[in-house]
Amino acid sequence: EDVIVVGSGAGGATIARELAMNGKSVTVLESGMYHKLGTERRALGFYPGFFRNFVPGEMSREGTEILRTIMVGGSTMVTLGNGVRSLQEELRVLGVNLEEEFLEAGSELSVKPLQLI
């Protein structure tokens, strides 16, 4: 069975991997280009409008700053390796417990707490 996954960021890459590991033929579609990363200044340039507004994100109509990049790997390419458990408590309140998935991802990616001096 052939499957198309749209986007190569954290969500798309995870879904594509899981499907492929379960025997599916997967094609990933990505609208962004491949960019070789380098300096911090170069990374900031991947945020739309940064050099125009000197803020790394865009603003929603409601005034919320939106940080995203359009490139192969999505915004994972500029998150500095952070392994944040996004919306964990908010989803738990709704009856969605992702603890097992967070532990699996953390183990697979070797996520560890930052050791401060």
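The values are calculated or read from the model by the stated rules, or taken from the named source; none is laboratory data. None of the values given here were measured: they were computed from a predicted structure. When we count neighbours, we look across all protein chains shown, and the Cβ atoms used for this are built from the backbone with ideal geometry, even at glycine.
Give the residues of the range 93-109 that are under 19 Å from G11 (Cα atoms) and either assigned by TED's automatic domain parsing to the domain that holds A10 or assigned to a helix (DSSP H, G or I) (or both), sorted by residue number.
Result: E99, E100, E101, F102, L103, E104, A105, G106, S107, E108, L109.
Could you tell me how many of the residues in the range 86-109 are under 16 Å from the mean Cα position of the chain (by Cα) and more than 23 Å from V5 (Cβ to Cβ)?
Within the range 86-109, residues that are under 16 Å from the mean Cα position of the chain (by Cα) and more than 23 Å from V5 (Cβ to Cβ) number 1.
Taking E62 as the residue in question, decide whether it is acidic (D, E), surrounded by fewer than 10 Cβ atoms within 10 Å (Cβ to Cβ) and modelled with pLDDT of 80 or more.
Criteria met by E62.
Keeping to the range 62-92, report how many residues are closer than 18 Å to I15 by Cα and either of a type in the set (D, E) or part of a loop (DSSP other than H, G, I, E, B) (or both).
5
Would you pick out the residues in the range 1-37 that are modelled with pLDDT under 95 and of a type in the set (S, T, N, Q)?
S8, T14, S31
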